[in-house]
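What follows is a set of notes on a single structure, which appears directly below.
The values are calculated or read from the model by the stated rules, or taken from the named source; none is laboratory data. Just so it is clear, the model here is predicted, and its values are computed rather than measured. Cβ placement follows ideal geometry from the backbone for every residue including glycine, while neighbour counts extend to all protein chains displayed.
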Amino acid sequence: MKQRITLNDRTFEVMIPAEKIDAAVDAVAQRLDCDYAACEKAPIFVSVLSGSFMFLADLTRKVHFDNEIAFVKISSYEGTCSTGEIKQHLGIDFDITGRDIIIVEDIVETGHSINHMVNYLREKNPRSVAVCTLMFKPEKYLYKEPIKYCAMEIGNEFIVGYGMDYDQLGRNLKDIYVVTND
């Protein structure tokens, strides 16, 4: 039987163990190395808080090129559902003109948040904007913006762990858990 945890009113079981997550992050870091190692100016990782912090930390330790890090805070979730309304709480407060930007997300589902971020960043005239996500739900994605760097694809499961939460709980878990039906 898989390891189970309870967060508030929901039970979750391990879906993706830490070792598999680490291997997926390694693979994304290698792809980023190929694309950004020769950049004249250090690319900027723009981490979407709060869910992407663990992915960002592991990813930036695995790439082999100089980089800068910035954080933005947006929200669109209540409980297990997206509200579809994007609220931006923190943004980029420095010049990114002519710079390569890599948006780092924990999970891309409908794409509302990513669409918002890409449009927000493109208004600041960067050299390029690419999306890098730990998890991608292609069946739910509603936009044409490519998800260039994806560590793992999943179905429509609700997951927690490795930075992702259920009502702010579970971010600290090293494995990724899926909600159970019982």
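For the reader, a short list of remarks on this structure follows.
- Residue satisfying condition, being at pLDDT below 95, in a strand (DSSP E or B), surrounded by 17 or more Cβ atoms within 10 Å (Cβ to Cβ) and not β-branched (Val, Ile, Thr), within set 82, 47: 47
- Hits in segment 28-44 (condition: in contact with a strand residue (DSSP E or B) (Cβ under 7 Å, 6 or more places away or on another chain) and not in a loop (DSSP other than H, G, I, E, B)): 28, 31, 32, 36, 44
- Flag if residue 145 is more than 18 Å from residue 49 (Cα to Cα), part of a loop (DSSP other than H, G, I, E, B), touching a residue at least 40 places away in the same chain (Cβ under 8 Å) and not β-branched (Val, Ile, Thr): no
- Unmet requirement for residue 8, which otherwise passes all of (1) within 21 Å of the chain's Cα centre (by Cα); (2) in contact (Cβ under 8 Å) with a residue 60 or more places away in the chain: (1)
- In segment 90-142, of all residues being without any contact (Cβ under 8 Å) to a residue 12 or more places away in the chain and of a type outside the set (S, T, N, Q), the one that is surrounded by the most Cβ atoms within 10 Å (Cβ to Cβ) corresponds to 122.
- Within segment 50-66, the set of residues being at pLDDT 95 or above, assigned to a loop (DSSP other than H, G, I, E, B) and buried (at least 18 other Cβ atoms within 10 Å of the Cβ) comprises just one member, 63.
- Subset of segment 1-32 that is under 13 Å from residue 170 (Cβ atoms) and β-branched (Val, Ile, Thr) - its residue that is modelled with the highest pLDDT: 14
- Scanning segment 157-179 for residues that are of a type in the set (Phe, Trp, Tyr) and in contact with a Ser or Thr (Cβ under 8 Å, 6 or more places away or on another chain) yields 158, 166.
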